[in-house]
Amino acid sequence: MRIGELAERAGVSARALRYYEKQGLLTARRAANDYREFDESDLRLVAEIRTLLASGFTLEDARPFVECLRAGHESGGACPESVLVSRRRLAEIDREIRVLLRRRAEITDQLARACPGSRTA
């Protein structure tokens, strides 16, 4: 399928697909007229990339998931490299949560000092 069809079916722009290709996450064949040609399997790769991006992963994080799918695994998260990326991302999220909880406690304390007797959530 050509890039426009893949973009439409995947719900992304052709520009995004060209960027994924430039980053090495997608590989297009070139037709005689130099148009990009994609396989049906590329639709699954784009869906995986989009899901990961929506979950806070970076394009670089997505690489092992895409490679895992290309290797024939049912899930992009089934390979050891993908598991490592997921664990690293979870650790980052846990650190962010701790920072946010600390900030929340500081603001709650400031509010309690500024407005004694007020209720905070």
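Each reported figure results from applying straightforward, stated rules to the coordinates on display, with no laboratory input. The structure displayed is predicted, hence computed values, not measured ones. Cβ: placed from backbone, ideal geometry, glycine included. Neighbour counts: every protein chain shown.
Of note:
- Residue satisfying all of: in region 89-121; surrounded by fewer than 12 Cβ atoms within 10 Å (Cβ to Cβ) and among the basic types (Lys, Arg); nearest to the chain's Cα centre (by Cα) among these: 95
- Every residue from region 14-44 that is in a helix (DSSP H, G or I) and surrounded by 14 or more Cβ atoms within 10 Å (Cβ to Cβ): 14, 16, 17, 18, 19, 20, 21, 42, 43, 44
- Evaluating residue 86 against the criteria (1) free of Cβ contacts under 8 Å to residues at least 12 places away in the same chain; (2) surrounded by 13 or more Cβ atoms within 10 Å (Cβ to Cβ); (3) of a type outside the set (A, V, I, L, M, F, W, C); (4) over 27 Å from residue 97 (Cα atoms) leaves one unmet condition, (4).
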